[in-house]
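Structure record follows, encoded as structure tokens.
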């Protein structure tokens, strides 16, 4: 059974900052011009993180061996 965490979006000078609402430490930034995503804090490596805005949607992708 997977554990899901929700990401809260906050605008920042660099783009959109997404932080885990459950407080696990996941923090990432999506750059405004390029859409490039940079992970600043990994957080819980076992939780699947999801969230978005009307313009940006972060989806969960899981590959199974």
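The values are calculated or read from the model by the stated rules, or taken from the named source; none is laboratory data. Given the structure is predicted, the values throughout are model-derived calculations rather than measurements. We place every Cβ from the backbone using ideal geometry, glycine too, and count neighbours over all the protein chains shown.
Quick notes on this structure:
- For beta carbons closer than 7 Å, sequence separation of 6+ or different chains, a first residue in region 44-65 that is within 15 Å of residue 7 (Cα to Cα) and a second that is assigned to a loop (DSSP other than H, G, I, E, B) and modelled with pLDDT under 75, the qualifying pairs are 48/60; 48/62; 50/59; 50/60.
- Residues (in a loop (DSSP other than H, G, I, E, B) and either modelled with pLDDT under 90 or in contact with a helix residue (DSSP H, G or I) (Cβ under 7 Å, 6 or more places away or on another chain) (or both)) located in region 16-45: 32, 33, 34, 35, 36, 45
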